[in-house]
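Read the structure below first, then the notes.
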Amino acid sequence: MTEHRAAWRAAEETNAPSGAAARPHEPGAPGAGQPAPTAAAEPGEATEHVRHGAHREHETRGQATETPGALPLNGPRGESRSRGGDGGRGDVPPPMGDAPGGRPRPLPGTPADAPDAPGAVVPGIPGARPAPDTPVPLASQPAARPRQEGGTRPESESAESLRLRYVGAATRRIARGIDLDEIVLGLCRSVVPTFTDAILVYLRDPLPVGDERPVEPLVLRLRRTDRIPEEPTETPIPEIPGAGVRLPLVPAPEVSGAAETTRVRMDGPLAEVLRGVRPLFADSPQVAAALAELVNTDVPGGRRAILAPLRGRRRVIGAAVLLRRPDRPPFENDDLLVAAQLATHTALGVDKAALYGREADIADQLQRAMLPDSLPQPTGVQLSSRYLPAAETARVGGDWYDALPLPGSRVALIVGDVMGHSMQSAAIMGQLRTTVQTLAGLDLPPQEVLYHLDEQAQRLGHDRMATCVYAVYDPIAHRLVVANAGHPPPVMLHGDGRTEVLRVPEGAPIGVGGVPFEAVELPAPAGATLLLYTDGLVESRTRDVWSGIERLRERLAAVGSIVCPPPLEPLCDEVLDILGPGDRDDDIALLAARFDGIAPSDVAYWFLEPHPQTARRARRLVRRALQRWGLDELADSVELLVSEVVTNAVRYAGRPITLRLLRTDVLRCEVGDDAPQLPRMRHAAPQEETGRGLFLVHRMTQRWGATRLSAGKVVWFELPLPPSAPHPLPSGP
């Protein structure tokens, strides 16, 4: 308030009746033939017109009491506009510039000849208007303001408090956003229609994050637009040039006349305005040129447009354009302060959202990088998996799953859960998963794997707690060996549709230390489906673990009653459907295994004594097995390869050698001995008589490898079956 304006206020308050704040007389009010003389206003400042009365229909929702003549906080349309799901909360910004009922009004200075004239405005808030049917008091009846702490409140303080309350509510709404879209949406919903008629928000593309060096050249991309929707008008717009033009803006993602992307010229007017950081009116040629370069379409100029740069912590990251229609009062100087506050909070929020988004993406990539990219497809078992993060705000967890092929066509099935949701939990999960893979490669029993995993967790720290279930499936014996460390028990769906929760020793969690683990051996018939999962699938704030396990069992029974055995991929989706809207309190890892098994007729197994004639006997046994299976085409190749591998085993073995042939979708040969040294392929010199056996295996087979056991090793190779070979018999019941 300027000095002469303050003196005018003080003079009126002195002459005002006790307990009421003096108000300026309105032109055209009853009993006043001419407008009352007032002090000279500042240049560019519109005359203020206020309506008063006792009409209560347009009070602010939630306001307890209001004396006659008090300013309605929600001037536009006479009601509270809550957008974006605010639900009428107290932090919804009070409107500052919308027309009641969408009706156009004359520009400031148009005389108001009647109490419901459209030129009346709320003092101090340009464009904000009271309800259209609020009666205007006589000049001799100044309206009283609500009494606060035993005194009166001047009208200027009320207008200033309304402005501050709006800025506070708008910044709170912007700050509530946690991602980029929420923050930009919060800005748009805070200013339209309360402060502006339309807004365009441009952000850098790509958006620099933290200390990243921004990419050149500077490109601004239209992130979102918003505006007051078009409404039919009851009162014609005055004959003012451009007064009937509506802004060609519609909410994103629909494209209006505004440019989608703008490449900022470093020597152009837009770059100069962005470097200045401060919001500016488009009433100067430089700002008007900058606005035209940014929007690239016709928009109102002068004081009906504000160009506000969005500056984060280190650099300008975008710009916001605030526009008002010609049928509303233009912006005032104080509105630049409001725009600066909103732009600052928005830019800082965008910086925060970009940093959070990058951290969340890094954590999510770390989590998924520690999970297997794809599951193996070992012989005699089908596998499928799912992983779901807890929520967008807590995407990092310690759940993991794995499937590891073991010697003898067996497969290890693992699901674990590290307690907590943080980067540390994900890192611990990666270390424990690596440890399990190493221990599984030694072909240790499941209880021994958990014992050594517990030791590793204690070496990582005292608070490294996790649960884990480790199961080994043998497709030849149709048996399953399971050890559990504080994890929810597996659930099995049998081939006849029957479901059961496997009774396995619960055990203590990994990291407790000094607790033995037990393993149990169970039948795994062909056609059965085993489900391993983490507690996020069955436990939530609304149900306990055992209630969730029972619900999971019932869902499996319902699926099995329709088709049994069900396909694995749809089965995993059906299992995840047991989750309700509020059940995603924890991340979820799910591993499903369908036991197909290997029929005994497709297996040939021998024990051979390590002596010089063993290779010849092995060739003879292999040829007979291949003839029985109708694979005579492979006889010569397999005899040569078996002879090389068995000869190498006889050279180092001290106990009987095992030889096994498996006929599945491929022909697999496994030779085991008690020597722990793994063979390695080398290129023999021309004069050397040895060192060519594994080179032949490498060149003639589809795959080959060597696996160390707890007592020895297994060397194996695979050959594809010829097209004319008979298909193996199914191993199902």
Seminar exercise, completed: The farthest towards the positive end of the charge dipole of the stretch 288-386, of the residues 377, 336, 350, given +1 on Cβ of Lys and Arg and -1 on Cβ of Asp and Glu, is 336
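Can you work out the FRET efficiency for the pair residue 550 and residue 371, with r the C-beta to C-beta distance and R0 = 41 Å, to the nearest 0.05? If you can, show how the numbers build up before the last one.
On the way: r = 28 Å, r/R0 = 0.69.
Approximately 0.90, to the nearest 0.05.
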Exercise. Amide H of residue 709: which non-local residues (sequence gap of 5 or more, or other chain) have their own amide H closer than 5 Å, using H built in the peptide plane?
Worked result: 714
Exercise. Of the peptides 185-198, 506-519, how do they stack up when ordered by the mean number of other Cβ atoms within 10 Å, highest first?
Worked result: 185-198, 506-519
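Please report the projected area of the stretch 335-406's Cα convex hull averaged over all directions, in nm². If you can, show how the numbers build up before the last one.
Details: hull surface 25.6 nm².
Result: 6.4 nm².
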Exercise. Once fully extended, how much extra length lies between residue 681 and residue 609, figured as 0.36 nm per residue of separation less the alpha-carbon to alpha-carbon distance?
Worked result: 23.4 nm
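How large is the Kirkwood hydrodynamic radius of the stretch 261-344, counting all unique pairs of alpha carbons, in Å?
Numbers: mean 1/r = 0.0779 Å⁻¹.
Taking the inverse mean of 1/r over all distinct Cα pairs, the stretch 261-344 comes out at 12.8 Å.
Between residue 496 and residue 462, 0.36 nm times their residue separation minus their Cα-Cα distance comes to what? All intermediate terms of the calculation are to be shown ahead of the outcome.
Details: separation 34, 0.36 × 34 = 12.24 nm, distance 4.59 nm.
Result: 7.7 nm gained on full extension.
Cβ neighbours within 10 Å, averaged per peptide: list 528-534, 668-674, 498-504 in order, most packed at the top. Can you show the working numbers first?
Details: 528-534: 24.6, 668-674: 22.4, 498-504: 15.7.
For the peptides 528-534, 668-674, 498-504, the packing ranking is 528-534, 668-674, 498-504.
Write down Rg/Rh for the stretch 398-481, rounded to two decimals, with Rg from the C-alpha atoms and Rh from the Kirkwood relation over Cα pairs.
Values: Rg = 13.1 Å, Rh = 13.1 Å.
Looking at the stretch 398-481, the ratio lands at 1.00.
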Problem set entry | Residues in the stretch 473-502 reached by a label modelled at residue 520 [backbone nitrogen below 17 Å; 7 Å Cα→Cβ] | 473, 479-494, 499-502
For this session: Starting from the Cα of residue 314, step 7 Å along the direction of its Cβ; do the same at residue 216; then give the gap between the two resulting points in nm.
Result: 1.6
Seminar exercise, completed: The answer for the per residue Cα convex hull volume of the stretch 629-703, in Å³, is 112
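Using +1 on the beta carbon of Lys and Arg, -1 on that of Asp and Glu, and nothing else charged, what's the dipole of the stretch 506-598 about the Cα centre, debye to 20? Show your work: numbers first, answer last.
Values: 7 positive and 17 negative charges, 35 e Å.
Using only the charged Cβ atoms, the result is roughly 160 debye.
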Exercise. Taking Rh as the Kirkwood radius computed over C-alpha pairs, what is the Stokes-Einstein D of the stretch 522-585 at 20 °C in a medium of viscosity 1.002 mPa s, expressed in µm² per second?
Worked result: 169
Exercise. If only Cα atoms are counted, what is the Rg of the stretch 317-459, and what is its Dmax, in Å?
Worked result: 25.5, 84
Exercise. By per-residue mean of other Cβ atoms within 10 Å, what is the highest-first order of 266-274, 424-432?
Worked result: 424-432, 266-274
Problem set entry | Distance (nanometres) between label positions extended 7 Å along Cα→Cβ at residue 585 and residue 442 | 3.8
Exercise. Quick one: Cα convex hull volume of the stretch 284-401, Å³ per residue?
Worked result: 191
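For the stretch 163-203, what is the accessible area per residue in Å² when the probe is 1.4 Å? Before the final figure, lay out the partial values.
Working: 1110 Å² over 41 residues.
For the stretch 163-203, the solvent-accessible area averages 27 Å² per residue.
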For this session: Subtracting the Cα-Cα distance from 0.36 nm times the residue separation, let me have the gained length for residue 698 to residue 543 in nm, one decimal.
Result: 50.3 nm
For this session: Using just the alpha carbons, could you tell me how many Å³ per residue the convex hull of the stretch 557-630 encloses?
Result: 179
For this session: With only Lys, Arg, Asp and Glu charged, each at its Cβ (+1 for the first two, -1 for the last two), find how big the charge dipole of the stretch 625-690 is about the Cα centre; round to the nearest 20 debye.
Result: 300
For this session: Grab every C-alpha pair in the stretch 465-511, bin the distances at 10 angstrom width from 0 up to the longest one, and report whole percents.
Result: 25, 46, 25, 4
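Given the Cα atoms of the stretch 431-584, and with Rh set as the inverse mean 1/r over their pairs in the Kirkwood sense, what is Rg to Rh to two decimals?
On the way: Rg = 16.4 Å, Rh = 16.6 Å.
Ratio of gyration radius to Kirkwood radius for the stretch 431-584: 0.99.
The values are calculated or read from the model by the stated rules, or taken from the named source; none is laboratory data. Keep in mind it's a predicted model, so treat the numbers as computed, not measured. Backbone-built Cβ (ideal geometry, glycine too); neighbour counts: all protein chains shown. Accessible surface areas use protein heavy atoms only, side chains included; no ligands, DNA or RNA. Shrake-Rupley method; radii C 1.70, N 1.55, O 1.52, S 1.80 Å.
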